[in-house]
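Every number in this text was worked out from the coordinates using simple rules, so none of it is lab data. Computed from a predicted structure; not experimentally measured. Glycine gets a Cβ as well: all are built from the backbone with ideal geometry, and neighbour counts include every protein chain shown.
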Amino acid sequence: MRILLVEDTEDVGEAIVARFERIGHTVDWEKDGGVANEVLLVQAYDLLILDVNLPALDGFTILKRLRQRKTKTPVLVETRSIIALFLLYSSYQRLYQLNHATHSALLTVIFFAASS
């Protein structure tokens with residue numbers, strides 16, 4: 001599977017890349033939301049792992065633009081912020097209610113516990 005990871009936190013990104021590569025997947029890693037958005041315009045992926053808080057362009061905007069282009073790539077959204085989770089859930093619920101007949105996105109939210 002070809003995966004695009006969009007994550008600006010070095011240790012989190014390294015851990016995700018290492019794990020997916022260890023089980024045989026190809027992972028491209030972008031640390032900047034603007035760059036990731038440009039990559040998604042020209043390259044197809046089997047999965048997008050997307051942080052919410054990114055430099056240049058936030059994860060919400062990347063996801064919105066992806067869906068506006070009718071791209072059906074599954075997206076795994078990760079955040080450590082409960083506020084971001086609430087906003088994501090609220091936005092996703094409105095989108096689903098407005099467009100439930102054509103809804104085909106896979107959206108999963110995962111949390112990375114802060115290391116102690």
**Request:** Output the qualifying pairs, or none if there are none: Cβ atoms under 6 angstrom, residues six or more apart or on different chains, first residue in region 38-54 and more than 15 Å from residue 7 (Cα to Cα), second residue surrounded by 15 or more Cβ atoms within 10 Å (Cβ to Cβ).
**Result:** 45/4; 45/73
**Spans of strands (runs of 3 or more DSSP E) in region 1-72 with at least 2 residues exposed (fewer than 15 other Cβ atoms within 10 Å of the Cβ) and either over 12 Å from the mean Cα position of the chain (by Cα) or not polar (S, T, N, Q) (or both)** = 26-30
**Fill in**
Checked region 9-30 for anything touching a strand residue (DSSP E or B) at 6+ places or on another chain (Cβ under 6 Å) and of a type in the set (A, V, I, L, M, F, W, C); matches are 16, 17, 20, 27, 29
**Request:** Scan region 1-23 and report the pairs whose first residue is touching a residue at least 12 places away in the same chain (Cβ under 8 Å) and whose second residue is assigned to a helix (DSSP H, G or I), with Cβ atoms within less than 6 Å and a gap of 6+ or a chain change.
**Result:** 3/20; 5/16; 6/36; 7/13
